[in-house]
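Colleague: Here's a structure for you.
Throughout, read-outs are computed from the coordinates displayed, never taken from laboratory work. Just so you know, these numbers come straight off a predicted model, no measurement behind them. Cβ sites come from the backbone with ideal geometry, for glycine too, and all protein chains shown count toward neighbours.
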């Protein structure tokens, strides 16, 4: 009984304190409102209204919307450079100076018996801030003696980004409602069912938030694929008849040398086979044939 009385007393005291705090807060709010009204009236009296045209308003709104748009920019560059390895280091340095970085780097060397005719190809994937996209492209192109290919593409994901934000807010509001319902649950089964619904809502929030972060990252950091290639030299045949004749004789001598070398290798390889396999087999076969002949002669009757 004393415990209930104390609880009632505390409730009355707390309600009184809250009522006094509310009265003080409302009085302070009214005072602040009045002060703001006076300040607003003074500002209206001292400030001269300036008309704004509809064209200026539309352009200002367009600029504001363009600044908030989420655009994913991608570019592909195929550059012909004197030294792909040196250009690779230059590309990495330019990307770092623009606030970006190199994601992947791959080097490929073409196979050729003549080392002077081997070509080197380096492929890099670079991420740079969207604001530095054009500057980075221009710096990369300056490294090249010939721009073989240049492709730029963009994807506007502003609508999807806004839709994701709205869906996330809806799911969070739904989560709060489920939490309030769970507080009012009377039995364990209802509480478990509400908890399952909350888990599903949180999973959906995490999925939407992950997609939102992905779009934000792709829009804030543009991707540039740089393909560096060695120059391809085209051989022009300027030889005369005499030079062609000398080259033909040289080729025939080379073919003859290759044939002699091949026959020599064949005899060198076949000599051990001849000595170790063919000769013993031949001797054994001849001995066997002689014995067969002797047996036949012994079996044949002598005529009178």
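Colleague: Given the C-alpha atoms of the stretch 159-220, compute the convex hull and give its volume per residue in Å³.
Modeller: Convex hull volume per residue, Cα atoms: 58 Å³.
Colleague: A follow-up question, please. What residues from the stretch 123-146 fall in the zone where the backbone N is under 13 Å from a label point 7 Å along the Cα-to-C-beta line of residue 103?
Modeller: 124-129
Colleague: Here is a further query. What's the exposure ranking of 83, 230, going from fewest to most Cβ atoms within 10 Å? Spell out each step's value before the answer.
Modeller: Working: 83 13, 230 19.
Lowest count first: 83, 230.
Colleague: Compute the distribution of all C-alpha to C-alpha distances in the stretch 137-195, in bins of 10 Å from 0, and list the percent of pairs in each, rounded to whole numbers.
Modeller: Answer for the stretch 137-195: a P(r) of 17, 20, 15, 14, 11, 10, 10, 2 percent.
Colleague: For an R0 of 35 angstrom, estimate the FRET efficiency from the Cβ-Cβ distance between residue 214 and residue 187 and round to the nearest 0.05.
Modeller: It comes out at approximately 0.25.
Colleague: Stretch residue 295-residue 130 to full length: gain in nm at 0.36 nm per residue minus the Cα-Cα span?
Modeller: Details: separation 165, 0.36 × 165 = 59.40 nm, distance 10.17 nm.
That pair, residue 295 and residue 130, stretches by 49.2 nm at full extension.
Colleague: Taking R0 as 25 Å, what FRET efficiency do you get between residue 93 and residue 145 from their Cβ-Cβ distance, rounded to the nearest 0.05?
Modeller: Step by step, r from the Cβ atoms, then E = 0.85.
Colleague: While we're on this one: In percent, how large is the relative contact order of the stretch 153-278, given Cα pairs closer than 8 Å and 6 or more residues apart?
Modeller: Worked out over the stretch 153-278, it gives 24 percent.
Colleague: Below 8 Å between Cα atoms, with a sequence gap of 6+, how large is the relative contact order for the stretch 70-156 in percent?
Modeller: Values: 120 pairs, mean separation 43.8, N = 87.
With pairs under 8 Å counted, the relative contact order is 50 percent.
Colleague: Considering Cα pairs under 8 angstrom that are at least six residues apart, work out the relative contact order of the stretch 159-220 and quote it in whole percent.
Modeller: The value is 47 percent.
Colleague: Further, regarding this structure: Pulled fully out, how much extra length does the chain show between residue 288 and residue 86, if you take 0.36 nm times their separation in residues and subtract their Cα-Cα distance?
Modeller: Gain on extension, residue 288 to residue 86, equals 65.1 nm.
Colleague: Return 270, 182 ranked ascending by Cβ neighbour count within 10 Å, so the fewest neighbours appear first.
Modeller: Arranged by neighbour count, lowest to highest, 270, 182 become 270, 182.
Colleague: Can you sort 163, 227 by how many other beta carbons sit within 10 Å, fewest first?
Modeller: So the ranking, lowest neighbour count to highest, is 163, 227.
Colleague: Between residue 111 and residue 281, what is the label-to-label distance in nm when each label sits 7 Å out along the Cα-to-Cβ direction?
Modeller: Result for the modelled spin labels: 3.6 nm.
Colleague: I've got another one for you. How far, in nm, would the chain grow between residue 257 and residue 118 when pulled straight, counting 0.36 nm per residue and subtracting the alpha carbon separation? Could the numbers behind the result be given before it?
Modeller: Values: separation 139, 0.36 × 139 = 50.04 nm, distance 2.75 nm.
Here the answer is 47.3 nm.
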